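> Handing you a structure now.
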Amino acid sequence: MSVVILYGSETGTAELVSDAISDVLAQQHDVSMYDMADFAVEDLHADDFVVAVCSTYGEGELPTGAEPFAEGLDDEKPDLSGLRFAVFGLGDSVYDDTFNRGGEIIAEKLTELGASQVGEHGRHDMSSKVAAKVQAKEWAEGLTKVIGA
Ligand SMILES: Cc1cc2nc3c(=O)[nH]c(=O)nc-3n(C[C@H](O)[C@H](O)[C@H](O)COP(=O)(O)O)c2cc1C
């Protein structure tokens with residue numbers, strides 16, 4: 001099973017977190033990693049496992065780096081049945097009404113197109129004492145049990 005990690009970021013945290021997730025998953029899987037801004041939705045394949053790592057900006061909106069991918073999903077509406085994915089979102093609980101919405105928006109869009117979310121939906125909180133990379137590594141270790149061979 002190949003894993004495709006897609007990160008959507010404004011200031012780079014999601015990319016650092018994706019590196020940490022990649023380090024864990026690459027022990028068992030063939031892993032590739034892309035900025036969502038450089039990834040075409042037609043390259044989503046049901047035989048890959050997608051890990052979406054996405055921050056939140058504005059008032060519960062997607063970061064700039066995730067916008068082209070989200071627009072591609074909205075415009076092209078690919079049939080994603082059979083595709084499995086997991087989400088690790090980034091946010092800050094000072095934004096309590098919109099906490100971690102970015103990752104949730106990506107999950108909603110993929111699910112609407114037929115893909116299935118698996119595993120725990122990770123939500124990092126920038127106001128917590130836990131570093132995003134540390135939480136992401138633990139999350140990825142849990143995910144290895146879900147991805148399968
Ligand atoms: C201007 C601004 C707006 C933000 N809005 C939200 C928000 O609505 N909800 C949330 O959970 N986090 C919000 N955040 C926090 C970021 O999502 C968080 O710091 C994240 O780790 C940044 O990741 P990135 O560097 O990959 O973009 C905001 C941060 C900034 C600077």
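> For A37, state whether it is within 26 Å of K133 (Cβ to Cβ) and out of contact with any Asp or Glu (no Cβ under 9 Å at 6 or more places or on another chain).
Considered against the rule, which asks whether it is within 26 Å of K133 (Cβ to Cβ) and out of contact with any Asp or Glu (no Cβ under 9 Å at 6 or more places or on another chain), A37 comes out as no.
> Can I ask one more? Do we have K145 as at pLDDT below 95 and not in a loop (DSSP other than H, G, I, E, B) here? Let's see the steps before the verdict.
Numbers: at pLDDT below 95: yes; not in a loop (DSSP other than H, G, I, E, B): yes.
Considered against the rule, which asks whether it is at pLDDT below 95 and not in a loop (DSSP other than H, G, I, E, B), K145 comes out as yes.
> Among the residues of segment 43-63, which ones are within 9 Å of the ligand (Cβ to nearest atom) and open to solvent by less than 90 Å² (accessible area, probe 1.4 Å)? Don't jump to the end; show me each part of the working.
First, pick out the residues of segment 43-63 that are within 9 Å of the ligand (Cβ to nearest atom): 53-61, 63.
V53, C54, S55, T56, Y57, G58, G60, P63 - these are the residues of segment 43-63 that are within 9 Å of the ligand (Cβ to nearest atom) and open to solvent by less than 90 Å² (accessible area, probe 1.4 Å).
Rundown of residues vs (1) under 21 Å from M1 (Cβ atoms); (2) within 12 Å of the ligand (Cβ to nearest atom); (3) among the aromatic types (F, W, Y), yes/no style:
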| position | (1), (2), (3) |
| --- | --- |
| V24 | yes, no, no |
| V41 | yes, no, no |
| G65 | no, yes, no |
| E76 | no, no, no |
| L83 | yes, no, no |
| H124 | no, yes, no |
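> Restricting to segment 1-30, name every residue that is part of a strand (DSSP E or B), under 21 Å from D47 (Cα atoms) and either open to solvent by less than 80 Å² (accessible area, probe 1.4 Å) or free of Cβ contacts under 8 Å to residues at least 24 places away in the same chain (or both).
Selection gives S2, V3, V4, I5, L6, Y7.
> Same structure, new question: For segment 85-135, which positions are open to solvent by less than 70 Å² (accessible area, probe 1.4 Å), charged (D, E, K, R) and touching a Phe, Trp or Tyr at 6+ places or on another chain (Cβ under 8 Å)?
Correct list: D92, D125.
The values are calculated or read from the model by the stated rules, or taken from the named source; none is laboratory data. Keep in mind it's a predicted model, so treat the numbers as computed, not measured. Positions of Cβ are backbone-derived with ideal geometry, glycine not excepted, and every protein chain shown enters the neighbour counts. All accessible areas refer to the heavy atoms of the entire protein, side chains included, with ligands and DNA or RNA removed. Shrake-Rupley method; radii C 1.70, N 1.55, O 1.52, S 1.80 Å.
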